[in-house]
Amino acid sequence: MEILVQQLFNGLTIGSVYALVALGLTLVYGILHIPNFAHGALYMMGGYITLMMMVQYGLHYWLAILVSVIVVGLIGVLMERLVFYPLRHAPPIHDKIAAIGILLFLEAFAQYVWGADYQTMPTPYGQVIQLFGLTFTMQRLLIIIAAIAVMVLLYLFLKKTYTGASIIAMSQDRDGANLVGINTNRVAMLTFLISGGLAAIASSLAAPINLVFPGMGQLVILKAFVIIILGGMGSIPGAIIGGYILGFSESLGATYISNDYKDIIAFILLVIILSVKPTGLFAKGGH
Amino acid sequence: MFLETKNLSKKFGGLTAVNNVDFTVEKGKINAIIGPNGAGKSTFFNLISGFHPPSSGSIILKGQDVTNMPPNKIAELGIARTFQTTNLFEQSTVLDNVTVGHRLRTKSNLLDAVLRSKRLKREEEQCREKALEVIRFTGLEKVAGKLVGSLTQEEKKRTAFALALATEPEIVFLDEPAAGVNPDETEGLAQLMIKMVDSGITVCLIEHKMQMIMKLADKIMVLNYGEKIAEGTADEIRNDPAVIKAYLGGSASA
Amino acid sequence: MKFINKRNIIMALVLLAIAFPFVTQNDYFIHVMTLSFIWMIGVYGLNLLAGYTGYLSLAHAGFFAVGAYSLGLLTVKAQMNFWLAFVLALIITSILGFLVGLIALRTKEHFFAIYTLCVGYILYLVIDKWDSLTEGVRGLIGIPAPANIGPISFETPLSQYYLVLAILLVVILIVYRIVHSLTGRTYIAIRNSEDLAQTIGISTMKNKLEAFVLSTFFAGLSGALYASFIRFIGPDIGNIVITFDLLTYLLIGGIGTLSGPIVGTVLVVWISQQLQFLQDYRMLIFGPILTLLVIFYPRGIAGSIAGWNAKRAEKKLAKAQLDERFSQSTLAAENQVKEG
């Protein structure tokens, strides 16, 4: 029983990270209908920048994350302006290839600047606490709390502010949004900014319990894609719920089925769903 | 019975786009479907050509139920269509477009291709001949080698006709064939349609250009809000109060 | 200037390829060139599916690995006769390709890319983790070089070079014939507009599946040759990085063209060789090149050249106006190759 609760808690932790990453991905897909294959690189850069800020410049954890969020957010904006915007009328295959090019570049860049080694990120929250007779690390608790805080903030932003509403409008109907005077270019840039920021936060939160290495974004991003396909491409609740479902599945699967193959769970889920419903779980018609 | 629909309906969520339509396509004639915007005409075409499965009802071609067949099977059975927004292979030449249009009547497969079998050579020649034939028929000789993307709207419409003809159809469904085309060119396309019927092909078209329809069509069906409100010859339709009401909305002039 | 026509260029290239080992006399260069040929075969597979049919499969490396590991395991663990194992490896890869394609091809565009991305990853993960079968991270060693065919042995770099070259030439011939046939036209139609292709009676599922299996066949062929050439393999040959490498070669050379795979692979492999010091970081250069290419020159080198030729041909056509020239114009249009 103890193990079960422990694993559920683990699932909550993992799920929080997945949910944040998937959110960034789904926001971008919602307004541009592009699956950003370079999102994993943003995740990776987020981790490295936080690490660099902490280790080289001695910044405090949260400050480092703030810097990382800004920098990665800006990288996202650059991606939108320099790559995705010029390709907006090209066949969809071009977006994907261009994103792959960026991904390859950023991974090589990270390796060049910071080396290929697996590095650890020191955390100021390494203590272990006891709650209800179970042991939790502060860091894991923090991941969950921070992730939820971010999601709440995001929700408030989207629902309660004008800018947020314009993102939602654009995701529902880009041309319509344009017609009512929404500056779709600005919204696109803003969405990429947020998307990058979310990836940076997720990565920085998760890094202390995982390691930092150039390929760290690869697996996460694949799972994020699975999540948004399962939860509905462009759906925000879908990304969050999907993220947690996957988190729980992996955590429980790793314990009760096999630790080696736990990563496959996501993909098997995807294979099953797409085999039965090739248009994804929540196809919105059109397309 | 050549081609008929019985109780054909299509619902998209809560919206009923086509509602219980019975329609018969008269063989060897020019059939037309008209109606105000949003009446469900294109949806009706999509149902017949297999692009959407109907919600209920049936489509029968020469006695065979083709209701839920995929578009490519329907094409094999002799139904060809064009699209409202001209749908062609833009990056290819006119010649390449119509050549592949005949593909469905050939049997060559991968093995034939790799071994360059006699059958492949024979069928490639066949496709080429057919392509030249439909190009001549539609008067596209001068632009045969041009990329479709660089054609004028009228030339594109003709190419769409040619592509449909290359599939050796018995019926051709034309979705607004004269859209975006000036009166002279419209007349030219109308002549082309008469030519098609004269050569034994049945034509069914959707159009908004009333003068063209009234002169051209042997039989007209009028749709409004997805329902058939009238069916008959041009004269009958012209004087039908329900039709007048649908187009003018409100009481007809006395 | 009839001297510089397609036929002669091809013959010149083939002669060049045959003469290459004697010109360089350098075992290392021969090794690199042979490797290029092996990659080229994989790229032709990618090209057939992505370039001509319009479906980008990100699982390509996975099938490459399946071909390599099939050959490796059958020869090393099952002690099977080499050529028998070789043929079996191809069959295994193709059957797997068929099964995957059956499901994958029901999805479109984004979903297809993501789906194949995941399939590729699953294949990689399975090879990596199932170490009782595949030796996992330890890798599979001791894979034999190709066995003798009659009196000809393939133990030396030189003989292996010519074997791979011969197979490559057959592959190119096959792809050439497919592309210039009704089958090729069908694939291109699907790429240009799947809906329209269906409307004109093409069974898109059947054709897509065919193209998919072909692409996995070539991936498996490439993998099996790789295994036999390098003599040891590890799970990393199934990594997505390989797919991206092949994609880079294809895009630079010209996606959807016949000569693209050749141009791209040779160019990139040899430039990477020159930039040896950058080896691990070659994506610092090629990554941006890939992105810039797809924005500004999506047709790649060969594709852009074909495009210019097509424009020139069209200008010639525009001058022909009379009915009599109709037969001329259709002939010229026929000569416009299926390049894109």
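A few comments on the model shown:
- The helices (runs of 4 or more DSSP H) falling completely within segment C:60-131 that include 2 or more residues that are of a type in the set (Phe, Trp, Tyr), facing chain A (nearest Cβ under 9 Å) and crowded, with 23+ Cβ neighbours inside 10 Å map to C:109-129.
- Apart from one condition, B:THR152 fits all of (1) touching a residue at least 24 places away in the same chain (Cβ under 8 Å); (2) of a type outside the set (Gly, Ala, Ser); (3) closer than 23 Å to C:THR199 by Cα; (4) away from every other protein chain (no Cβ under 13 Å); the exception is (1).
- The numbered conditions (1) closer than 22 Å to C:ARG177 by Cβ; (2) touching a Phe, Trp or Tyr at 6+ places or on another chain (Cβ under 7 Å) are all true for B:SER117 except (2).
- Top-ranked residue of segment B:84-99 - restricted to ones that are buried (at least 23 other Cβ atoms within 10 Å of the Cβ) and among the β-branched types (Val, Ile, Thr), ranked as farthest from the other protein chains (Cβ to nearest Cβ): B:VAL98
Yes/no matrix, rows are residues, columns are (1) among the hydroxyl-bearing types (Ser, Thr, Tyr); (2) out of contact with any Gly (no Cβ under 8 Å at 6 or more places or on another chain); (3) surrounded by fewer than 22 Cβ atoms within 10 Å (Cβ to Cβ):
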| site | (1), (2), (3) |
| --- | --- |
| A:GLY73 | no, no, no |
| A:VAL77 | no, no, yes |
| A:LEU82 | no, yes, yes |
| A:PRO86 | no, yes, yes |
| A:ILE100 | no, yes, no |
| A:LEU104 | no, no, no |
| A:GLU107 | no, no, no |
| A:TYR112 | yes, yes, yes |
| A:THR120 | yes, yes, yes |
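- Counted as qualifying within segment C:144-208 are the helices (runs of 4 or more DSSP H) with 1 or more residues that are within 7 Å of chain B (Cβ to nearest Cβ), surrounded by 17 or more Cβ atoms within 10 Å (Cβ to Cβ) and of a type in the set (Lys, Arg), namely C:157-179, C:182-192.
- Scoring B:GLU124 on the criteria (1) crowded, with 16+ Cβ neighbours inside 10 Å; (2) more than 9 Å from chain C (Cβ to nearest Cβ) leaves a single failure, condition (2).
- Residue in segment B:31-78 that is farthest from B:ARG103 (Cα to Cα), counting only those that are among the small types (Gly, Ala, Ser) and part of a helix (DSSP H, G or I): B:SER42
- In segment A:195-219, the residues that are surrounded by fewer than 22 Cβ atoms within 10 Å (Cβ to Cβ) and of a type in the set (A, V, I, L, M): A:ILE209, A:LEU211, A:LEU219
- Criterion applied to A:ALA90, A:ALA64, A:ALA99 was being among the aliphatic types (A, V, I, L, M) and more than 25 Å from C:ILE255 (Cα to Cα), and the one residue passing it is A:ALA64.
- Evaluation of B:HIS208 against the conditions (1) assigned by TED's automatic domain parsing to the domain that holds B:ILE244; (2) surrounded by 22 or more Cβ atoms within 10 Å (Cβ to Cβ); (3) touching a strand residue (DSSP E or B) at 6+ places or on another chain (Cβ under 8 Å) shows that the sole unmet condition is (2).
- B:ILE135 within 23 Å of the chain's Cα centre (by Cα), more than 7 Å from chain C (Cβ to nearest Cβ) and either within 25 Å of B:PHE44 (Cβ to Cβ) or of a type in the set (Asp, Glu) (or both): no
- A:LEU63 out of contact with any Leu (no Cβ under 7 Å at 6 or more places or on another chain), of a type in the set (A, V, I, L, M), surrounded by fewer than 21 Cβ atoms within 10 Å (Cβ to Cβ) and modelled with pLDDT of 90 or more: no
- Of the helices (runs of 4 or more DSSP H) lying entirely inside segment C:222-305, the ones with 1 or more residues being within 11 Å of chain A (Cβ to nearest Cβ) are found at C:240-253, C:283-296.
- Summed over segment B:7-20, residues that are in contact with an Asp or Glu (Cβ under 7 Å, 6 or more places away or on another chain) and either crowded, with 16+ Cβ neighbours inside 10 Å or outside the structural domain of B:PHE51 (by TED's automatic domain parsing) (or both) total 1.
- Residue in segment A:178-189 that is over 24 Å from C:PHE111 (Cβ atoms) and either of a type in the set (Ser, Thr, Tyr) or touching a Leu at 6+ places or on another chain (Cβ under 7 Å) (or both) present: yes
- Residues of segment B:63-78 that are more than 8 Å from every other protein chain (Cβ to nearest Cβ) and among the polar types (S, T, N, Q): B:GLN64, B:THR67, B:ASN68.
- Matching option when the condition is within 8 Å of chain C (Cβ to nearest Cβ), of a type in the set (D, E, K, R), crowded, with 22+ Cβ neighbours inside 10 Å and in contact with a strand residue (DSSP E or B) (Cβ under 6 Å, 6 or more places away or on another chain), among B:ARG103, B:ARG81: B:ARG81
The values are calculated or read from the model by the stated rules, or taken from the named source; none is laboratory data. Every value quoted in this text rests on a predicted model; they were computed, and no experiment measured them. Glycine gets a Cβ as well: all are built from the backbone with ideal geometry, and neighbour counts include every protein chain shown.
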